1. Filtering segment 360-372 down to residues that are assigned to a helix (DSSP H, G or I) and closer than 19 Å to Met232 by Cβ, which residue is modelled with the lowest pLDDT?
2. Does any residue in segment 210-231 that is in the same structural domain as Leu192 (by TED's automatic domain parsing) come within less than 7 Å, Cβ to Cβ, of a residue that is among the polar types (S, T, N, Q) six or more places away or on a different chain, and which pairs are these?
3. Before we move on, is Asp151 assigned by TED's automatic domain parsing to the domain that holds Val25, at pLDDT below 75 and either surrounded by fewer than 10 Cβ atoms within 10 Å (Cβ to Cβ) or out of contact with any Gly (no Cβ under 7 Å at 6 or more places or on another chain) (or both)?
Amino acid sequence: WTQTSGDLERLLKSYGPRSRYEQQVLDNAVEALNQLSILFDELMALGVFSEQSRGQEFERRTLVIYFLTDSENLVRNALTLSTIESRRQLQVTRRFIMLMLLSVAALVGVIAWSALWLRNTVVIRLEALHRGMRVVADGDLDHRVDMVSPDEFGELAASFDEMTSRLQTSHRALKQSNRELEEYASIASHDLSEPTRTIKSFLQLLERRASDQLDDRCREYLHFAVDGAARMQTLIRDLLEYSKLSTATHACRQLKCAEVIDHAVANLQTAIAEAGAEVTTGELPEIYGDRTQLVQLFQNLIGNGIKFRDERKPRVHITATACGDDWDIQVRDNGIGIADAHATRIFAVFQRLHAAEDYDGTGIGLAVCRRIVDRHNGRIYVESNGDGGGAIFHVVLPAGRQPTDLPV
């Protein structure tokens, strides 16, 4: 009891009351504890737990009753203090939770405000810049971002608009230069064709009428001159056709690729018959474009497959496969093939890989093909190992989209 009462006394003294009521309850508990200590001492003095205390039964019972009563008072006041402390702790917990909720709400508000600020000051401007760049990248050089802002975004938008203006100026100058060059090529080709035809005609006339009066060497020289005039005439004609591609005004429409191929094959019937060639097709799609130019495109590719052959029977097979939003039309032949080093070079103007005595031509045919494909917003490339395994020309054209450079 001595140890327990001491612990209780220290515990009560450590309690800090925060109101008069708490102080009163604490005082009552301390007083009850003091009374219990006194009563316990009196009970011990009476020897309540020994045989000698049997004669003092009334006094002993009275003290026990007082002891139980004070114990009840102590317990009641202690429970009251415990309840008050529990409620205080509960209030502290509630305040802590409320503070945490308010902090979280404030943090969410700050994040929301920051996100809104970031969107209004950064994201929206970046989206505007991105949209402007996409429009310019799609070919609209008249578009401007026009973002008025004193920060870095405004400077970036102004720099982009200035760059677009310079690009537009350069583009216009380049188009004008190309137009002048094409006009010059067309005029030069047209003006050269007539004197070349005259030279060829008179050389042929001279060859027919004066051949008997010339020796073998002179006849050989005359033959070289006639052949050169003929090749010059062919070259001028092809150059004139090449220059006309930029000014052609044929209507574009939806076409059946199989009909375009049939038209090209019909134009090549003489060459096919002379070479004993075989031209076959797989299932072909519908394409959108200029029928005349597309016929010329496939006529050149099929004709090359027949011309550049070895001792084998020429075979050309045309198929098509879907490639995303495009059609990949493949013209496959079994000819002599093309070395990888020349896979890009062959599409340039006047590029020949063989001597004129081996294979005739002017070196313009594939350049014409590339220009036609470019005008249809497509691309053309070749696959070949160059060792007689043939070549595959890929013509990739948009599926159902209207070419932007062709007049409709």
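1. Across segment 360-372, the extreme among qualifying residues is Gly365.
2. So the pair list comes out as Arg219/Ser211; Val226/Gln204; Ala229/Thr196.
3. Spelling it out, it is not the case that Asp151 is assigned by TED's automatic domain parsing to the domain that holds Val25, at pLDDT below 75 and either surrounded by fewer than 10 Cβ atoms within 10 Å (Cβ to Cβ) or out of contact with any Gly (no Cβ under 7 Å at 6 or more places or on another chain) (or both).
Table: residues versus (1) modelled with pLDDT under 75; (2) surrounded by 13 or more Cβ atoms within 10 Å (Cβ to Cβ); (3) not in a loop (DSSP other than H, G, I, E, B).
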{"residue": "Gly337", "(1), (2), (3)": "no, yes, no"}
{"residue": "Ile346", "(1), (2), (3)": "no, yes, yes"}
{"residue": "Phe350", "(1), (2), (3)": "yes, no, no"}
{"residue": "Ala355", "(1), (2), (3)": "yes, no, no"}
{"residue": "Asp358", "(1), (2), (3)": "yes, no, no"}
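The values are calculated or read from the model by the stated rules, or taken from the named source; none is laboratory data. Every value quoted in this text rests on a predicted model; they were computed, and no experiment measured them. Reconstructed Cβ throughout: ideal geometry from the backbone, glycine too, with neighbour counts over all protein chains shown.
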